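Quick note: the coordinates plus some simple rules give every number you see, no bench work behind them. Since the structure is predicted, the reported quantities are computational estimates derived from the model, not experimental observations. Don't worry about glycine lacking a Cβ; one is built from the backbone with ideal geometry, like all the others, and counts go over all protein chains shown.
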Amino acid sequence: MIKNLDKKIRAYALKNAIAYNGKANSGSVLSSLFNEGLKKEEVNGIMPKIQQVIKEIEKLSLSEQEKEYEKLHEVISERHGREGLPELPNAKKGKVIMRFRPAPSGPLHVGHIISNLASSLYVKKYGGKFYVIIDDTDPETTVLESYKRIKEDCDWIFGNVHKYLNSSDMVENHYEYAEKLIKKDSAYVCICSQENFKKFSLEKRNCPCRNLSVKENLERWKKMLGKKGYRFSQVQSVSSKLGQYKEGEAVLRFKTPNEFGGMSHKNPAMRDFPLARINVKSHPIQKNKYRVWPLMNLAVAVDDMEYRMTHIIRGKDHKDNAERQKMMFKVFNKEYPWTFFIGRIKFTDLVLSKRKISSLIKAGEFSGHDDEKLPTISSLKKRGYKPETFVKFIEQRGLTGVDKVISGKDFFESLDVFNR
């Protein structure tokens, strides 16, 4: 139970009433209490108290409300007493570089706003560059229509995108870094089956490919790429007799440093994770230009190094990915950006999976991406929400690593307070 709960209910109700000419909103008070640690199962017991307090304070004049709030404001956590987001560590004026990496696999939704709007706001506050890098190096899941929607949605919600980039336009750059990793003996081409490698990992044993020389790995890398998959002169000169690996026959793996435990790393997810694979499916933009595609950790690490990210705010589900990317930064003697893992708002009744939304639209469950029953950005625009509404919400919530569980109804009720 929240400490000083009754006082906090009254303090938040008074604060909200003062901001809106003496009239408080129960949804706003509830939202503030969620940020204090209120649990979903406690709502039914708390709501009558909130409503009773609101009735009481609305009988007071605005000046009486202000006097009472002066006595109670200290019980509200400091985070909610300040304006805007907390200071960003190690931020230099005009030098903050941050990014949002949406995958073009379906419509953006309210979850993307919650996880990424803070990055945009920090760049506005300090000055710098905010990139939207479309994560499109998986031809299996990339949807052509998503590129245009992503730009429209990001222009609307952020309003300060410095540049839109497609990660698939930087594949040859990813190749260069991959080759450098091989030459540093920090990556190798593995031709073990997925089942066999999994067995080696579980047994904390090196697979036979791990001990190959740099020269042998470079030859294998060329076989992965093939003549059509790589446009650098040293590979174009490779004899066609060398042949090519087929899809599924080879994968480029990061060689987890022994200083971190190598194949005995305490976290199995860190043991020689994959960096690139062969995929001959046609890409919506690049078509059949490449047969080897960088996986997410290679693409993200390289793009972050190349565009000199200074700060990253990302979901807690990316903690392992951040550790993988940090190891790659270390190989290149580069400082890893300051990173914060933001807590998610877990909705009990909203569909947030982009692929599921797309499939339900195709099945006729929804009329389109802007169906008002969906939590997509295009739907939010259609329903009359404004970008400023979400700015206020994010500023009140602050940077928190705590996950919240809430229904869509309760969330939008609290959001409506900021949309007045």
### Task
Find the all-direction average of the projected area of the Cα convex hull for the chain, expressing the result in square nanometres with one decimal place.
23.5
### Antiparallel bridges, percent of DSSP beta bridges restricted to the chain (to nearest 5)
40
### Message
Cut-off 10 angstrom, C-alpha nodes, Gaussian network model of the chain. Which of S353, S378, S63 fluctuates the most?
### Response
S63
### Summary
Given a Förster distance of 45 Å, the FRET efficiency implied by the Cβ-Cβ spacing of E42 and S193, rounded to the nearest 0.05, works out to 0.35
#### Entry: Estimated FRET transfer efficiency when R0 is 22 angstrom, pair E64-D6 (beta carbons, to 0.05)
0.70
### Query
Gaussian network model of the chain, Cα springs within a sub-10 Å range: biggest mean-square fluctuation belongs to which of E145, E247, E365?
E365
#### Entry: Virtual paramagnetic centre 7 Å along Cα→Cβ of E140, amide N under 17 Å, in the stretch 242-260
246-253
### Query
According to the Kirkwood expression over distinct Cα-Cα pairs, how big is the hydrodynamic radius of the stretch 171-295, in Å?
15.0
### Message
Counting only pairs 8 or more residues apart or on different chains, how many lysine pairs in the stretch 354-420 have their Cα atoms under 20 Å apart?
### Response
17
### Cβ crowding within 10 Å averaged over residues, with 312-318, 157-163 ranked highest first
312-318, 157-163
### Query
Between A187 and residues 5 or more places away or on another chain, which pairs have amide H atoms under 5 Å apart, with H built 1.01 Å from N, and which residues are they?
I182, K255
### Top positive-direction residue, dipole computed over the chain with Cβ charges, set G262, L218, G128
L218
### Query
Given T389, I9, I97, which one lies farthest toward the positive end of the charge dipole of the chain, if we put +1 on the Cβ of every Lys and Arg and -1 on the Cβ of every Asp and Glu?
I97
### Task
Of the listed pairs K92/K326; K92/K163; K204/K346, which have alpha-carbon separations greater than 27 Å here?
K204/K346
### Query
What number, in percent, do you get for the relative contact order of the chain if the mean sequence gap of Cα pairs under 8 Å and at least 6 apart is divided by its residue count?
18
## Note on the structure
Given backbone amide H placed at 1.01 Å from N, residues whose amide H is under 5 Å from that of V405, ignoring those fewer than 5 places away on the same chain, are K40, K346
#### Entry: Separation between Cα centres of the stretch 336-388 and the stretch 140-182, rounded to whole Å
20
## Note on the structure
Expressed as a whole-number percentage, the relative contact order of the stretch 1-148 with C-alpha contacts under 8 angstrom and at least six residues apart is 22
### Task
Take the alpha carbon gyration tensor of the stretch 5-81, find the square roots of its eigenvalues, order them as a ≥ b ≥ c, and report rounded if a/c is under 1.5; if not, report prolate when a/b exceeds b/c, else oblate.
oblate
